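Here the structure is laid out as structure tokens; the discussion comes afterwards.
The values are calculated or read from the model by the stated rules, or taken from the named source; none is laboratory data. Keep in mind that this is a model prediction, so the values were computed, not measured. Note: ideal-geometry Cβ built from the backbone for every residue, glycine included; neighbour counts use all protein chains shown. Side chains included, ligands, DNA and RNA excluded: accessible areas come from the protein's heavy atoms. Shrake-Rupley method; radii C 1.70, N 1.55, O 1.52, S 1.80 Å.
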Amino acid sequence: NSLSTSSSKRTTSDVEGQTMASVLTTIRAADYANLSVGDNSASTLNALLGGTTFPAGSTVSVQDLTALTTAPAYYPGIGNLVPQYSAAVAAGRLLASETTAACASTTPPAATGASNLEALVAVNPGTPCINSPILTAPVSGLRNEDWGFTTLSLGTVVGTATVGGTQSNFYTTNTLIRVAFGVPNIARYYSCQQRASDGSARNCNQVGNGTYTIAPLGDARVMTFSGLPTEAAPLSFNRVFVERGAKIYFGYQDKLASSSTVQLNLAASNALLSQLGMPALTPETPLALTASSYAGVWDVTNVLTPTRVLRISIPVAGNASCANVRDGGEPTEVVCTFTITDPATGAFSYLDGTGTSTQTAAGTFSFLTGAVAATFTSGTGTGTLTGTLTGSRR
């Protein structure tokens, strides 16, 4: 609907008869980084290309693209759902039965998938769970506050440290930008530390106030933010939240930017590929799907229990592996037999033999859309259950 617009300029030059090495050297010298051959050094280009020249009809184009407006977007996968905790958590407790702020000593409840933006606002007021400081190495310092239950992520300004595994420091060098809500339509912005062991948001400091707006867009509702803090400037996008089909997803809206790329036409590309011993490009050859075309990770759910996910990992070659993921927890491996029975249509068969009753499923994985449509049968005889499966490629 013309929400995403841009302007572009394309300049094309004839390179017929010029050496491949000289053309590539000129491209790299002009800071076009999208085309590389080896390490792009003169010695590498000379060794691979020698004095070979581009044939007749070879051209090089420079494409300059400037974004004028950008549209909200999101990934509709299960792993991108926004978690929602209870009103008790929002009040500084973790269980409704608690009358004091005992969150630091209580196992947190499992999050549910948010379904309404107003309800999500209500349970994210920015109430920290204050833990005792950890003063043994690696130290946490005098503050050890968990803000992850009642604030939402606006993005991560990446530092140099990794998350998970053995860490020498309690926190990474990443900065987490997060938001909490107030009345009316107030957005409170925070800059937070990131715990190294699990990536959680810790020790947030408020860095600004803004507002949020909820507006319809097609068959969805979208929450956007204004007055974002300078701490969010390094992010390449602005966070949005998308409510669609009684689910809420983390979304984004790319910031306005410009880019320049260099492109070889078909004659020049195939000449270069031939010189490098690589197969030629043949655009007129129709796409032929194989079982490996579906390689990747697919999440499949029963429509009646959408928080329980069967995650199927399909390698390029070899047998697929399966795992159960419940309520956003860690995957638990299950034994399965999975086969793409017709690569042209994405038809598959599935057999789970780990339980006391056999579960089978059959349907299709769509190569083009990444959607899953299938039915399942569980149990035998009078105890047989059938149902509908849905899902998507991650």
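Which pairs do you get when a residue that is within 15 Å of R195 (Cβ to Cβ) and among the aliphatic types (A, V, I, L, M), found in region 124-137, comes within reach of a residue that is open to solvent by less than 40 Å² (accessible area, probe 1.4 Å) and at pLDDT below 80, reach meaning Cβ atoms under 7 angstrom, with the pair 6+ apart or on two chains? Final answer for the pair search is I134/S140.
Determine whether T107 is in contact (Cβ under 8 Å) with a residue 40 or more places away in the chain, within 30 Å of G148 (Cβ to Cβ) and open to solvent by 70 Å² or more (accessible area, probe 1.4 Å). No; evaluated as a whole, the condition is false for this residue. Do the conditions hold for S293, that is, is it open to solvent by less than 70 Å² (accessible area, probe 1.4 Å) and modelled with pLDDT of 90 or more? Considered against the rule, which asks whether it is open to solvent by less than 70 Å² (accessible area, probe 1.4 Å) and modelled with pLDDT of 90 or more, S293 comes out as yes. Just so you know, in region 1-46 the residues that are among the charged types (D, E, K, R) and either assigned to a helix (DSSP H, G or I) or more than 18 Å from L273 (Cβ to Cβ) (or both) include one that is farthest from the chain's Cα centre (by Cα), and it is D14. Close contacts from region 52-64, counting a first residue that is in contact (Cβ under 8 Å) with a residue 24 or more places away in the chain and a second that is acidic (D, E) and open to solvent by 20 Å² or more (accessible area, probe 1.4 Å), with Cβ to Cβ under 6 Å and a gap of 6+ residues or different chains, come to F54/E16; A56/E16; S58/E16; T59/D14.
If you check G77, G92, which single one turns out to be out of contact with any helix residue (DSSP H, G or I) (no Cβ under 8 Å at 6 or more places or on another chain), open to solvent by less than 50 Å² (accessible area, probe 1.4 Å) and modelled with pLDDT under 90?
Details: G92 fails: out of contact with any helix residue (DSSP H, G or I) (no Cβ under 8 Å at 6 or more places or on another chain).
Answer to the check: G77.
Filter region 246-276 down to residues that are free of Cβ contacts under 8 Å to residues at least 40 places away in the same chain, more than 21 Å from A29 (Cβ to Cβ) and among the polar types (S, T, N, Q) and give me whichever is surrounded by the fewest Cβ atoms within 10 Å (Cβ to Cβ). My answer is S274.
Within region 296-326, the set of residues being open to solvent by 60 Å² or more (accessible area, probe 1.4 Å), among the aliphatic types (A, V, I, L, M) and closer than 21 Å to D352 by Cα comprises V303, L304, A317. Just one of the listed residues (E243, E231) is assigned to a strand (DSSP E or B) and either crowded, with 17+ Cβ neighbours inside 10 Å or at pLDDT 95 or above (or both), namely E243.
Find all pairs meeting these conditions: Cβ atoms under 9 angstrom apart; at least six residues apart or on different chains; first residue within region 335-347 and over 10 Å from F367 (Cβ atoms); second residue part of a strand (DSSP E or B) and among the charged types (D, E, K, R). Matching pairs, first to second residue: V335/D352; C336/D352; T337/D352. Take the conditions modelled with pLDDT of 95 or more, under 18 Å from the mean Cα position of the chain (by Cα) and not in a loop (DSSP other than H, G, I, E, B) and apply them to G251. Does it pass? Spelling it out, G251 is indeed modelled with pLDDT of 95 or more, under 18 Å from the mean Cα position of the chain (by Cα) and not in a loop (DSSP other than H, G, I, E, B).
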